[in-house]
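Only one structure is covered here, and it is reproduced in the block below.
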Amino acid sequence: MLPLLSHLTNIEDAASRFPARVAFKIPNVNPQTDEIEYWTDITFHQFFLDIQHLARYWYHALRETSKIPQRSVIALCLVGYKYLDLVHVYAISRAGYIPQLINLFQNADYSVIQGPIEQANTRALIYESIYSHTVRDIPIPSFTTVTLACPTSDYLLPDLPDVTGSDLAIIFQTSGSTSGKSKIVPCNYSWLDGVVRKATIGPRSSGKLDVVCWRGSIGYIAQFASLIATVYHTSCMVQYKRGQPSTSEVVDIINRCKMNKLFMFPHFLEKHIRASRTDPETLRALSSMDEIIFTGASFGSPEDEEWAWKNGMNIVNAFGTTECGGLVLVSEGLRKSRQNFLRRFPGSPLVKFVPISDDSDLMELVIPADAPECPDVSLRSSDGNFHTNDLFREVEPGQYVFCGRNDDWFNMQNCSLCDTKAIEDNVRTLCGDIISDCVVVGNGRPSPVLVVEASSTSTTATHTAPVSTEIELKNEIYRRIHPFNASRYLHERIASPDMIFIVPLGTLPRTMSKGTVRRRIVEDMVKEKLDQLFANNSI
């Protein structure tokens, strides 16, 4: 039986094979100009030592001081874009604990993290100082993050506990929610072993070491899995100044750091492609990339993709999910195929496409129970498999196009998922006396929008006076659903009464068989209003 691989065995192996190779380039920013003056190189050996250094510190703080035993779940609330953030994640694992990665907006309140912490039986929390207001009421021990200058000379590096493939290794979190609570994604060591083994397959440029960009927050599976592949191939990862970079920063990194692979969500990538239409230097830089890989949503603009193809940009379409450990499907890239259809990733031969009905050519991506990508049993359906709710159409044998998610879900502009059914169910429960029906639209928008079919006898909550105007009806609906909205991520909230559209009774299109509202047709019906709304609002 092969030994279990993990992110820890991965870095230990890389550091032993190529200790002096550069693993990370960390930007040094001039505080006056906010420009990157130079990058500091961190080798694989140094990364390995930094993990051990913080592992000593956190084992002492958690086990020796707070008496929290190894194999306990420790939550980490990190912005996730800094080298120190990922060292913390690896160090908690190396100290013998189970890291739980919680993604937060800076203005989030405690209700956002309460659900994930309770679901995972979390024993302690480590957080960056910007989240102090969020965690001040937390009922478990909490610690702020530390720097690499923290003293550990008197602390021992602990032995790692023995684990099996079924033991919990790490916990991620999606933006999906049920009853207003975020969904945790527990991942065991067999699943993690599969992520590492898939990383050995690629992608990698032939004949050279790749220089890749930081993909996003370490709290998301895209960055975590990307880092595992980068470490395995002893490639180099370049850190941005903060968050998502400007076009000028991307071009600067390509020029000065010799970056040859760019990973980016389409919403951000399209901004850079549009800039290349008028800036020859941006066009030259993007066209020089071996691969520009986008994932998380569909490419929004056919015109931008056409421009990229005509100008030699090798745009690669990729598809993956948090639950499946990242990449599952990938295209050949625009330089090989103008269609850029998705195919099974070579490391994912067992994934299946299952027709959603006998009379439909749409197929759902299903991960069988025996596939390495199949997540924890708590996330599987009654048939033992994991149903992604992602729909595809086979356009050529073995080649697929993404056709959106199951109608209860859609991707927001920031590529996070919004559970529309939860919003609709809440509105129907709280506002059933003043509306006939409702549907949530806003696929690819900054915020969801609630489309309400008014009832013929709309009244206020007290039934003492009619809701006589559209404005009054919007305000009353918003007042009632506000507590539910407050517990959700910003991209899942009906952000204001302006995000509620009222339509006359009987105008929402419905299916003939079940009488359910047809979301995608409603989306088309109100497209002009959505365009105007988000052109006039900054969400």
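For the chain, the Kirkwood hydrodynamic radius from C-alpha pairs, put into Stokes-Einstein at 10 °C and a viscosity of 1.306 mPa s, yields a diffusion coefficient of 64 µm² per second. Ranked by the mean number of other Cβ atoms within 10 Å of their residues, highest first, the peptides 434-444, 521-531 come out as 434-444, 521-531.
The heavy atoms of Asp498 present about 80 square angstrom of accessible area, all protein chains included, probe 1.4 Å. With θ taken as phi - 60° and the Karplus curve 6.51 cos²θ - 1.76 cosθ + 1.60 applied, the whole-hertz 3J(HN,Hα) list for region 160-168 is 7, x, 5, 9, 10, x, 7, 6, 5 Hz, x standing for glycine and proline.
Summarising the amide proton neighbourhood of Lys258: residues at separation of 5 or more, or on other chains, whose placed amide H is nearer than 5 Å comprise an empty set. Just the protein heavy atoms count here, and of the accessible area of the chain at 1.4 Å, carbon and sulfur take up 52 percent. Accessible area per residue for the chain is 43 Å², calculated with a 1.4 Å probe on protein heavy atoms, without ligands, DNA or RNA.
Subtracting the Cα-Cα distance of Ile140 and Ser248 from 0.36 nm times their residue separation leaves 34.6 nm of extension gain.
Mean residue ellipticity at 222 nm, helices only, the chain: -9000 deg cm²/dmol; runs of at least 4 DSSP H residues each add -39,500 (n - 2.57), and the sum is divided by the number of residues. What percent do you get for the relative contact order of the chain when only Cα pairs under 8 Å and 6+ apart count? Contact order relative to length: 10 percent.
Given a 1.4 Å probe and the protein chains as shown, Tyr110 ends up with an accessible area of around 50 Å².
Backbone phi angles across region 345-352, fed through the Karplus curve with coefficients 6.51, -1.76 and 1.60 (θ = phi - 60°), yield HN-Hα couplings of 5, x, x, 10, x, 8, 5, 10 Hz in residue order; Gly and Pro are listed as x.
At a Cα cut-off below 23 Å, give the lysines reachable from Lys241, other chains included and same-chain residues fewer than 8 away excluded. Of all the lysines, those that pass the test against Lys241 - Cα under 23 Å, at least 8 places apart if same chain - are Lys25, Lys82, Lys258, Lys261, Lys271. The Cα trace of region 54-117 gives Rg and Dmax of 12.4, 33 Å, the first to one decimal, the second as a whole number.
For Arg510, nonlocal amide neighbours, meaning residues 5 or more places apart or on other chains whose placed amide H falls under 5 Å from its own, are Arg518. Shape annotation for region 274-382: C-alpha extents along the principal axes are 54, 31, 21 Å, from largest to smallest.
The values are calculated or read from the model by the stated rules, or taken from the named source; none is laboratory data. Please read all numbers here as calculations on a predicted model, not as lab measurements. Methodologically, a virtual Cβ is constructed for each residue, glycine included, from the backbone with ideal geometry; neighbour enumeration extends over all protein chains shown. Just so you know, the surface numbers come from the protein's heavy atoms only, side chains and all, with ligands and any DNA or RNA stripped out. Shrake-Rupley method; radii C 1.70, N 1.55, O 1.52, S 1.80 Å.
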